[in-house]
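Have a look at the structure below before the remarks.
The values are calculated or read from the model by the stated rules, or taken from the named source; none is laboratory data. Fair warning: this is a prediction, and the values are worked out from it, not measured in the lab. Here the Cβ is made from the backbone with ideal geometry for all residues, glycine too, and neighbour counts use every protein chain on show. SASA here: full protein model, heavy atoms, side chains in, ligands and nucleic acids out. Shrake-Rupley method; radii C 1.70, N 1.55, O 1.52, S 1.80 Å.
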Amino acid sequence: MLQGSSTIQFKIVLLGESAVGKSSLVWRFCQDQFSETIESTVGATFIHRVMDLGEYSIKLQIWDTAGQERYHSLTPMYYRGAKGVIITYDVTNNDSYEKAKDWVNEIRTQGTPNAKIVLVANKIDLEDHQVDQMEAMKYAESNDLLFFECSAKTGEGVKDVFFGLSKALPVKW
Ligand code: GDP
């Protein structure tokens, strides 16, 4: 068990090109399972979720971009202090995969040192995949990223994204 009574909180941010399904992922994960609080701030929103990991619990503060990436107005302020970063692409859109790799580089150079990064291949329910699964897996492995495939539409794989990241976050005992 964690010592002390307070649950450790981690800031988690979602990144990725517009329309890859970031908000859909958050909503798929957060609906129906736990209570949630949504708070609006200037230009971005976050939701708190407590993650029960068996031996211990952590609290995620999950930030969604509120669409700022559409206007190229997403500043480093958004991901400042984030210990976990979920970078999503749409498997039917190769440009979104290239953009995801740009985000990985940006987080590595300007984000929180040692932030855990999850690369998420979303929309696997669709046909006509443009992004090669093996290529993405190899890229993730060689860049020390967690990698998950999912569909926010069907729900397949979505929990794995958030639980996989949560388990990878460093917890002080
Ligand atoms: P965001 O701009 O990255 O937050 O993307 P949204 O969550 O707004 O989703 C963009 C569009 O993609 C919407 O029309 C969603 O319904 C759709 N979408 C999101 N996730 C999926 C998915 O897993 N499968 C399919 N088929 N559509 C999805």
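Of the residues contained in the stretch 45-64, none is found to be closer than 14 Å to Leu14 by Cα, out of contact with any Asp or Glu (no Cβ under 9 Å at 6 or more places or on another chain), among the charged types (D, E, K, R) and modelled with pLDDT of 95 or more. A Cβ distance below 6 Å, combined with a sequence gap of six or more or placement on separate chains, defines the contacts here; from the stretch 114-125, residues that are closer than 11 Å to Val20 by Cα reach residues that are hydroxyl-bearing (Ser, Thr, Tyr) and in a strand (DSSP E or B) in the pairs Val120/Thr88; Asn122/Thr88.
Is it true that some residue in the stretch 120-136 is open to solvent by less than 60 Å² (accessible area, probe 1.4 Å) and more than 16 Å from the ligand (Cβ to nearest atom)? For the stretch 120-136, residues open to solvent by less than 60 Å² (accessible area, probe 1.4 Å) and more than 16 Å from the ligand (Cβ to nearest atom): absent. Return yes or no: is Glu156 within 15 Å of the ligand (Cβ to nearest atom) and of a type in the set (Asp, Glu)? Considered against the rule, which asks whether it is within 15 Å of the ligand (Cβ to nearest atom) and of a type in the set (Asp, Glu), Glu156 comes out as yes.
Out of contact with any Leu (no Cβ under 9 Å at 6 or more places or on another chain), over 24 Å from Arg28 (Cα atoms) and in a helix (DSSP H, G or I): does that describe Lys159? Spelling it out, it is not the case that Lys159 is out of contact with any Leu (no Cβ under 9 Å at 6 or more places or on another chain), over 24 Å from Arg28 (Cα atoms) and in a helix (DSSP H, G or I). Confirm whether Ser73 is at pLDDT below 95 and polar (S, T, N, Q). It is true that Ser73 is at pLDDT below 95 and polar (S, T, N, Q). Sub-8 Å Cβ pairs linking a first residue in the stretch 65-78 that is of a type outside the set (A, V, I, L, M, F, W, C) to a second residue that is exposed (fewer than 11 other Cβ atoms within 10 Å of the Cβ), at least 6 apart or interchain, are Pro76/Gln110, ordered by first then second residue.
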